[in-house]
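Just so you know, all these numbers are worked out from the coordinates, no wet-lab data involved. In this text the structure is predicted, and so the values were computed from the model without any measurement. Cβ placement follows ideal geometry from the backbone for every residue including glycine, while neighbour counts extend to all protein chains displayed.
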Amino acid sequence: MTRENNFIAHLDLGPRPWIVGHRGACGEAPENTIESFLLAIAQGAVMIELDLQLTRDGRLIALHDWDLLRTAGAPIVGEDATAAEIQALNVGRYQERSATAPTVEEILDALPPGFPLNLELKCRNADQRHYARALQRAVAGRRQLLVSGFEWNLLRQVREILPDIPIAPLAHESLPPVLVAARELRAAAVHCHHEAMTTEFVEEASRSGMPVLVYTVDDAAIASAQFAMGVAGVFTNYPGALKKGEG
Ligand code: G3P
Ligand code: CA
């Protein structure tokens, strides 16, 4: 079994190319909320990407920014707040909607069982060991999960305590180091910014059995060009529009 077959064994996304809902379908619903995730699934996304941060009281909650100013109009730092303090805020305010930031347990309970999820681990000042342990508790017994992150040291801690979970290191630019990290992590995939992508990189990742997924692609022409380079999947804020473009 090749490494990529191993990826597919752990995470069945169906035939390529893979359209992944970025923070759900956050072009049309408040990002990182149950509403956004369900909309992405309804629009045909094969996986949902979401961001998780560790709160002061040790809960993993869906948040992208380090503070809640943009989404909720509150100058509160997510890692410094409790889950209850965050959940008292309206994170749909920036879209003039009403929404609550869900915990990872609430997400796993709300979505169809076994629907593929990409949990992006965001950690700035939180304790990485506590973060990895909280993740271990949350994902126990769950399937179809892919863990990613820019903080490769945190991914190493996750790999130590979750030896079989699919992992994908993230890179924004300067791609060669991500492949080194990916091999060390026994990664299932690599996730990169689309503007940095090259055919050579995709081929090199492929030789190590790792599909490449790129973010964030909302334009069908850019998605096609990425797929032509061999990219396996794209993260998009508008999964419905990209799915239509596929047909
Ligand atoms: O996981 C891909 C992408 O979401 C990484 O960037 O800043 O949108 O979390 P960001
Ligand atoms: Ca993300």
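Neighbours of E105, meaning other residues whose beta-carbon lies under 14 angstrom from its beta-carbon, give a summed charge of 0 when Lys and Arg score +1 and Asp and Glu score -1.
How about the stretch 102-182: which GluC sites (Glu not before Pro) there lie in a loop by DSSP and see at most 11 other Cβ atoms within 10 Å?
On the way: sites: E105, E106, E120, E151, E160, E173; in loops: E151, E173.
Answer in residue order: E173.
Two decimals is fine: what's Rg over Rh for the stretch 120-203, C-alpha atoms, Kirkwood radius as Rh? Before the final figure, lay out each step's value.
Details: Rg = 13.0 Å, Rh = 13.3 Å.
For the stretch 120-203, the value is 0.98.
As a footprinting exposure proxy, order I34, I167, I76 by other Cβ within 10 Å, with the fewest listed first. Each step should come with its number before you reach the end.
On the way: I34 20, I167 24, I76 14.
So the residues, fewest neighbours to most, are I76, I34, I167.
The string of couplings for the stretch 88-99 from the Karplus curve (6.51, -1.76, 1.60, θ = phi - 60°) is 7, 9, 8, 7, x, 4, 5, 10, 6, 10, 10, 7 Hz, one whole number per residue in order, with x for Gly and Pro. Shown for the stretch 164-220 is the translational diffusion coefficient from the Stokes-Einstein equation, using the Kirkwood radius over Cα pairs, a temperature of 4 °C and a viscosity of 1.567 mPa s: 114 µm²/s. Summarised in one figure, the compactness ratio Rg/Rh of the stretch 45-201, Cα atoms and Kirkwood Rh, is 0.97. The spread of Cα positions in the stretch 53-115, taken along each principal axis and listed from longest to shortest, comes to 35, 28, 17 Å.
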